[in-house]
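These notes are about the structure you will find just below.
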Amino acid sequence: MTRQSRLFVISGPSGAGKGTLVAQLRKEHPELGLAVSATTRSPRPGEVDGKDYYFLSEGEFKRRVAAGEFVEWAYVHGHMYGTLVKEVERLLAQGKSLILEIDIQGALNVKKVWPDAVLIFIEPPSLEELERRLCGRGTEDEQSIELRLKNAKHEMTLADDYDVCIVNDTVDRAVRELSDTIERYETEGGK
């Protein structure tokens with residue numbers, strides 16, 4: 001069976017477990033590409049331009065936004081972050097499928113720019129479980145958790161805009177479903 005390289009966009013509410021699933025998936029499938037993002041923040045010690053991020057001045061980033069060079073971009077924590085079209089094209093040209101783990105707004109924008117992208121929504125089994133996970137992190141204060149839960153309720157209404165929804169009830173099962181979904185889209189176009 002011939003495999004077709006695809007752009008997979010994975011997103012979902014904060015606390016749904018996207019990062020955990022993507023990390024596990026990439027361990028099992030190291031052939032999956034991961035785009036190097038661009039950012040306006042300064043490099044941290046040990047970070048290398050073009051490997052960890054493409055480090056751009058704010059002026060250069062805005063120029064590239066105006067020129068339509070980004071698949072998606074957003075302001076995050078006072079800095080601009082985004083995925084360059086040329087980065088996606090470079091990896092797909094190598095015959096690699098590519099994963100973008102980005103926020104929901106960015107995912108929906110990717111679909112406008114890259115209609116063949118496969119949007120995968122990761123959702124928690126319930127809002128109660130999401131709250132337990134957010135509290136269990138120990139990194140959020142009560143106000144932040146309430147805001148994330150409020151945002152999650154809205155974000156979960158957007159799941160119908162995605163090609164695939166995966167409930168992250170257990171990591172092993174959800175990774176298996178994610179892996180099967182990617183294989184199905186690469187070999188059968190998602191049918």
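For the stretch 154-167, filtering for residues that are part of a loop (DSSP other than H, G, I, E, B), modelled with pLDDT under 95 and either closer than 21 Å to Trp114 by Cα or in contact with a strand residue (DSSP E or B) (Cβ under 6 Å, 6 or more places away or on another chain) (or both) leaves 1.
Taking the criterion of being touching a residue at least 12 places away in the same chain (Cβ under 8 Å) and farther than 23 Å from His79 by Cβ, the residues of the stretch 10-37 that qualify are Ala16, Gly17, Thr20, Leu21, Gln24, Leu25, Arg26, Glu28, His29, Glu31, Leu32, Gly33.
Report the residue count in the stretch 135-152 for those that are touching a residue at least 12 places away in the same chain (Cβ under 8 Å) and in contact with a Leu (Cβ under 7 Å, 6 or more places away or on another chain). Give the steps one after another, and end with the answer.
Looking only at the stretch 135-152, we keep the residues that are touching a residue at least 12 places away in the same chain (Cβ under 8 Å), and these are 137, 145, 148-149, 151-152.
Checking which are in contact with a Leu (Cβ under 7 Å, 6 or more places away or on another chain) leaves us with 145, 148-149, 152.
Result for the stretch 135-152: 4.
Go through (1) touching a residue at least 60 places away in the same chain (Cβ under 8 Å); (2) out of contact with any helix residue (DSSP H, G or I) (no Cβ under 9 Å at 6 or more places or on another chain) one by one and return the number of the condition Leu7 breaks. Going through the list (1) touching a residue at least 60 places away in the same chain (Cβ under 8 Å); (2) out of contact with any helix residue (DSSP H, G or I) (no Cβ under 9 Å at 6 or more places or on another chain), Leu7 breaks only (2).
Residues that are touching a residue at least 24 places away in the same chain (Cβ under 8 Å) and either in a helix (DSSP H, G or I) or crowded, with 21+ Cβ neighbours inside 10 Å (or both) within the stretch 91-100 comprise Leu91, Leu92, Ser97, Leu98, Ile99, Leu100, listed in sequence order. For the stretch 76-94, the set of residues classified as more than 17 Å from Val9 (Cα to Cα) and in contact with an Asp or Glu (Cβ under 9 Å, 6 or more places away or on another chain) consists of Val76, His79, Met80, listed by residue number.
Residues in the stretch 38-52 that are more than 19 Å from Arg63 (Cα to Cα) and without any contact (Cβ under 8 Å) to a residue 12 or more places away in the chain: Arg44, Pro45, Gly46, Glu47, Val48. Of the residues Val65, Val22, the single one that is over 30 Å from Glu129 (Cα atoms) and β-branched (Val, Ile, Thr) is Val65.
In a residue-by-residue description of the stretch 125-140, the property of being modelled with pLDDT under 90, part of a loop (DSSP other than H, G, I, E, B), in the same structural domain as Arg3 (by TED's automatic domain parsing) and buried (at least 17 other Cβ atoms within 10 Å of the Cβ) applies to no position.
The values are calculated or read from the model by the stated rules, or taken from the named source; none is laboratory data. Everything numeric in this text was worked out from a predicted model, so none of it was measured. Every residue, glycine as well, gets a Cβ built from its backbone with ideal geometry; the counts of neighbours run over all protein chains shown.
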